[in-house]
Structure formats: C-alpha cells, structure tokens
1. Does residue 71 satisfy the criteria of being under 23 Å from residue 303 (Cα atoms), in the same structural domain as residue 275 (by TED's automatic domain parsing) and modelled with pLDDT of 95 or more?
2. Which helices (runs of 4 or more DSSP H) does region 259-328 wholly contain that include 3 or more residues that are in contact (Cβ under 8 Å) with a residue 24 or more places away in the chain and more than 17 Å from the chain's Cα centre (by Cα)?
3. Just to be sure, is residue 209 surrounded by 13 or more Cβ atoms within 10 Å (Cβ to Cβ) and assigned by TED's automatic domain parsing to the domain that holds residue 70?
4. Out of 101, 54, I need the residue that is free of Cβ contacts under 8 Å to residues at least 12 places away in the same chain and either crowded, with 20+ Cβ neighbours inside 10 Å or more than 23 Å from residue 236 (Cβ to Cβ) (or both). Which one?
5. Just to be sure before I move on: is residue 167 farther than 30 Å from residue 280 by Cα and assigned to a loop (DSSP other than H, G, I, E, B) in the structure I sent?
6. Every residue in region 186-205 that is modelled with pLDDT of 95 or more and either within 14 Å of residue 219 (Cβ to Cβ) or in a loop (DSSP other than H, G, I, E, B) (or both), please.
7. In region 61-75, which residue that is within 16 Å of the chain's Cα centre (by Cα), in contact (Cβ under 8 Å) with a residue 60 or more places away in the chain and not in a loop (DSSP other than H, G, I, E, B) is surrounded by the fewest Cβ atoms within 10 Å (Cβ to Cβ)?
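The values are calculated or read from the model by the stated rules, or taken from the named source; none is laboratory data. Note that this is a predicted model, so its numbers are computed, not measured. FYI the Cβ positions are ideal-geometry reconstructions off the backbone, even for glycines, and counts take in every protein chain you see.
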C-alpha cells in the first residue's frame, strides 16, 4: 500500500467521522401512549414531533397502550417511556392494588401534563338519567375502553360501589363492550350501546364528534357519594367539565372526578435523553404545548416536579433545576 493512498484513506475517514458520530448518537425511544383516537396518543404524537424538532438525535416512536398496563410495560423495559395516571403509577411503584408487585424500575419526568376528566354519556331518547339508576338497570348496554385501561378499572370500582359488575350486567341481558375510543364511539353512534364511559382530556375528540353526529347524548354528573368514594378510597380528584366544553351534550357544568397524567420512564433511560425531553417540555410550556392539546394549557413545571408517587429521573431533576422548578 502506498503512502499516498494511506493519507487519502485517513483523510476520508476523518471526513466521515462526524457522520458516524451522528448516526451512533441518534437514539430511538418507544413511548407507549393510549388508544388510537384518544388524547394521550394525540399528545404523545405531538410532543414527540416537538422533541424531534429541537433534538434531532432523539427519535421517538409512539405506540398504543393503556393507563393500567403502561406502568408494567415501562417497568419491564418493553417501552422506555409511557403515559401513566398519577394515582395508578404510585400504586405500581409501591406494588399496591391493582398491581401485585413493586415496579421499582419506574422513574418519571413529572406530572400534570394533561388532567383527565371522566366522561359519562347517556342516550337522550329514553331510559334513566342519573348515574346510579343507569348503571343498575337491567339490560344496560354500555361501552368503555379496554380492560388494560384506568378508565375501565374506574368503571368497575363504581359498579362495585353500586353493588353490580360487568358479569351481572351481561347476566341480566345487557352488554358490556370494551374497545378503543374510536370503537366505542362508533358503537354508540350506531346504536350498539346506549351509554359511554371514558377518561379523556377535554375536549375529547370522540365526544366532540358525537355532539356533531347523527346520535347525540347528554353528559351525566357523578353523584356526590360516588365522587367521595373514589376520592377517599382511591385518591382521585374533584373535577368539572365546564358548560362550554361540549354545548350540545350539556346544559351546565358537569361535576365529575379526574386523574392526572404522569410521564413515566424506565430507570435505564439515559440521563441525556431524559434531560432533553424534559427541557423541551419546559421551554415550550404555554402556547406551544396548548397548540398540541388544550389540556396542557395549565402545565406548570414547579407543580410537575413536586410529584412524589414515582421518583424523578436524574435527567428530569437536572432540567427542572435549570428552570428553577427545583432548588439547586
């Protein structure tokens, strides 16, 4: 081999090094969200695009999931990031009901990203109008998300409080339909079910579509004793669906319970990626996050960093400290 060829080879390698470093530095992270058509999936898709814009070396792939199962999926490292519900994520970390083991690999990037109100919709062409009478009637036909969701777990808790269950609904000639948000929305519009129960950040697409569709409905308030039971027993929070949210589906404010969204990550996620993701969210709080989904309008980094249910990832701690949301 000649000395000239050797020098050219070395020069070529040197020129290629920046591209090699870029290729190696780019990391693909899987983010498990919610059902297709739901707020979680929409928000995760919008945030992943925003994160990619500001951090070209971070590639995020969004996949469908469910609030109840996401904690376990992230804890096992099947997805490196995932949406969770504050109360359920804390229960998963501690190994408390409905989880059978401690999820010790869970970390988080804060909470408060998307308050999630429960929506209970009834038919308007007959039948009872209050929650207790609706859920205890014979022949009840109701749709709710899949069994791996916090929506469905919450509905089961309400049914148990009222002395009934999915099995009893079916045994009395009713229908207890599980599916994606899109599926149960279509089932209501087509008359396959007469009631819908779902936890979604407002304004929720499926309810906005129903409001404009061929079969409308009315939102049902949660009675005070049911709200108190969920709050006292399971740490849900008081919530309101304001009157102007879905004008065709409500005549005033609708009292409900709500949960909040926590961004969970696996402990093995690199500090650099966790830092860049959290920093991007902090930089874009306000108008930019609101443009992705209205439910993120009130997100506050200071309140987000106070969440104690799951430990903050070191990368998130660094970003929150830089922003003044945590003490140095």
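1. On the way: under 23 Å from residue 303 (Cα atoms): yes; in the same structural domain as residue 275 (by TED's automatic domain parsing): yes; modelled with pLDDT of 95 or more: yes.
When the stated conditions are applied, residue 71 passes them.
2. Working: elements: 271-283, 287-292, 301-305, 314-322.
Of the helices (runs of 4 or more DSSP H) lying wholly inside region 259-328, those with at least 3 residues that are in contact (Cβ under 8 Å) with a residue 24 or more places away in the chain and more than 17 Å from the chain's Cα centre (by Cα) span 271-283, 301-305, 314-322.
3. Values: surrounded by 13 or more Cβ atoms within 10 Å (Cβ to Cβ): yes; assigned by TED's automatic domain parsing to the domain that holds residue 70: no.
When the stated conditions are applied, residue 209 does not pass them.
4. Details: 54 fails: free of Cβ contacts under 8 Å to residues at least 12 places away in the same chain.
Exactly one residue qualifies, and that residue is 101.
5. Values: farther than 30 Å from residue 280 by Cα: yes; assigned to a loop (DSSP other than H, G, I, E, B): no.
No, not satisfied.
6. Within region 186-205, the first condition is being modelled with pLDDT of 95 or more, and the residues that meet it are 186-198.
Correct list: 188, 190, 191, 192, 193, 194, 195, 196, 197, 198.
7. For region 61-75, the residue satisfying everything is 69.
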